[in-house]
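K.L.:
The following block contains the structure, expressed as structure tokens.
The values are calculated or read from the model by the stated rules, or taken from the named source; none is laboratory data. What you are looking at is a predicted structure, and each value in this text was computed from that prediction instead of being measured. Glycine also receives a Cβ, built like all others from the backbone with ideal geometry; neighbour counts cover every protein chain displayed. Just the protein is used for accessible areas: all its heavy atoms, side chains included, with ligands, DNA and RNA removed. Shrake-Rupley method; radii C 1.70, N 1.55, O 1.52, S 1.80 Å.
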There are 6 protein chains.
Amino acid sequence: MNAKILDAGNVNIKRLYALDTSTYLAGELPVKTKEMLGLISSMVLRCDDCIRYHLGKCHEEGVTTAELFEIFAIANLVGGTIVIPHTRRALEFWDELLTIK
Amino acid sequence: MNAKILDAGNVNIKRLYALDTSTYLAGELPVKTKEMLGLISSMVLRCDDCIRYHLGKCHEEGVTTAELFEIFAIANLVGGTIVIPHTRRALEFWDELLTIK
Amino acid sequence: MNAKILDAGNVNIKRLYALDTSTYLAGELPVKTKEMLGLISSMVLRCDDCIRYHLGKCHEEGVTTAELFEIFAIANLVGGTIVIPHTRRALEFWDELLTIK
Amino acid sequence: MNAKILDAGNVNIKRLYALDTSTYLAGELPVKTKEMLGLISSMVLRCDDCIRYHLGKCHEEGVTTAELFEIFAIANLVGGTIVIPHTRRALEFWDELLTIK
Amino acid sequence: MNAKILDAGNVNIKRLYALDTSTYLAGELPVKTKEMLGLISSMVLRCDDCIRYHLGKCHEEGVTTAELFEIFAIANLVGGTIVIPHTRRALEFWDELLTIK
Amino acid sequence: MNAKILDAGNVNIKRLYALDTSTYLAGELPVKTKEMLGLISSMVLRCDDCIRYHLGKCHEEGVTTAELFEIFAIANLVGGTIVIPHTRRALEFWDELLTIK
């Protein structure tokens, strides 16, 4: 569906999606840190699809389960218990990622 | 379920739902514009059911796919990449609407 | 999954989840009132899982259907029509709770 | 400014504002409970003006400071620490209300 | 301050801010419609600075006060009464814009 | 005012505020990373007071201005242009922090 969105030819959407790639590239901060930042933003804004995406990236970047739980702790603290159901689904997906590997 | 909610006889809920109809009627702004406003509000607030409802109305009012993508572009810009998964689902539903027609 | 989250041993998450229990215990306000407060917070923040949890508790505490609709009315008023789809799902779940009983 | 908004003559806005009054009238739930529901909704959605309005009403309805802190506790738990600055301002305003009386 | 942000030389921020300009240029939809879409998005997301910015643009594009109130009506309906304080401040700023002209 | 909130003696609020301290202590992740996570959460949830708090901590932990702008870039991308006014105020406060030092 992302491909379909890009095929539609709206130049501003294309630019935003390109930016969505370039913003997470290594810079002053390493990719791992940036992906943790993307993950927690997705958690407090409560977007399951976004959480899954950044969990995948965090896994690739070597985030450990213990580190992940510290991110969960901050997300649940700042965002409140309203984040708990998303945390449950995040952990389920993380378990899948660990099993695959 | 909407019928069931109304049947329950809470007068304030009935009034709010009546208002949900009257607010989108043609006035100073045409229905098409109002439905686009309802759509983008639903997008940035990230409510898939609301998005589908207003997509249906936008389709009835003759919003074109090119116009829709400009609404998507503003919604993704103002609301951020957190709106992307909802945009994907919106496009899927829009494709269904075009196919039915 | 909640058990799995707690088993992971992150002490701050454990404390937050313990707080999620203790905060709703009877105090100056009775449990029934606290659960109605938890329910409406979940509705305006639009978290279906949280809504179901507090609906279950409200049911246990003897909240009537007529009282529930007054909570729905305030949630839909303050949170806007964006709350309607969550209200529909809340009513569906409430009907299940009433049927089981 | 509310008067100016109503004077402008938009009938749907008038109806919504009328609904904002009627929804909080005594019904199945007493006014005190409804105002506590309005207060906590305003807190988790983080609107200082709305919080002040409902604090005023809660004060009129005889909500005690100990009860208020239990509402604060639920609001901060469900909504997260992001609600803390609003809680501080709420307490400041509550202190003013107590002093005036 | 926007200038200072851009001067700092972060290329991704520069691109996002450039996109913030290009997305509102005339395309399939006229600038007036796009600015109304930007305005209502800002209202339901409750950002006073963003609301003021788009009110200025709407004024330039010839949006009438009667049209504006229809946008307000949809924003207050979809976003809920939590949007009312922002509507009050929006009307205050609109009055300033009308006076200047 | 935080002191006043704690003095009021609500045990659940005390526990939450204690948690707000313990969650950011060094653990698997260093304090610097945790404070960056707290900062971006505050930015996408758009709480100026929270942003200022975490900016202060980030400054203490040695976050550089170039690193900060990469956090800003992710916050503005994920949260959308609605975050821009908060970014402006964040940069103003950061400049103050740099000047004081």
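K.L.:
Return the total of residues in region B:47-101 being within 29 Å of E:Leu16 (Cβ to Cβ), away from chain F (no Cβ under 14 Å) and assigned to a helix (DSSP H, G or I).
P.N.:
Residues in region B:47-101 being within 29 Å of E:Leu16 (Cβ to Cβ), away from chain F (no Cβ under 14 Å) and assigned to a helix (DSSP H, G or I): 22 in total.
K.L.:
Right, next: State all residues of region C:1-43 that are open to solvent by 10 Å² or more (accessible area, probe 1.4 Å), within 11 Å of chain A (Cβ to nearest Cβ) and in a helix (DSSP H, G or I); if no residue qualifies, say none.
P.N.:
C:Asn2, C:Ala3, C:Lys4, C:Leu6, C:Asp7, C:Val11, C:Asn12, C:Lys14, C:Arg15, C:Tyr17, C:Asp20, C:Thr21 - these are the residues of region C:1-43 that are open to solvent by 10 Å² or more (accessible area, probe 1.4 Å), within 11 Å of chain A (Cβ to nearest Cβ) and in a helix (DSSP H, G or I).
K.L.:
Within region E:1-26, can you find the residues that are more than 19 Å from F:Glu70 (Cβ to Cβ) and in contact (Cβ under 8 Å) with a residue 12 or more places away in the chain?
P.N.:
E:Tyr24
K.L.:
Return yes or no: is D:Ile13 out of contact with any Pro (no Cβ under 9 Å at 6 or more places or on another chain) and at pLDDT 95 or above?
P.N.:
Answer is yes for this residue.
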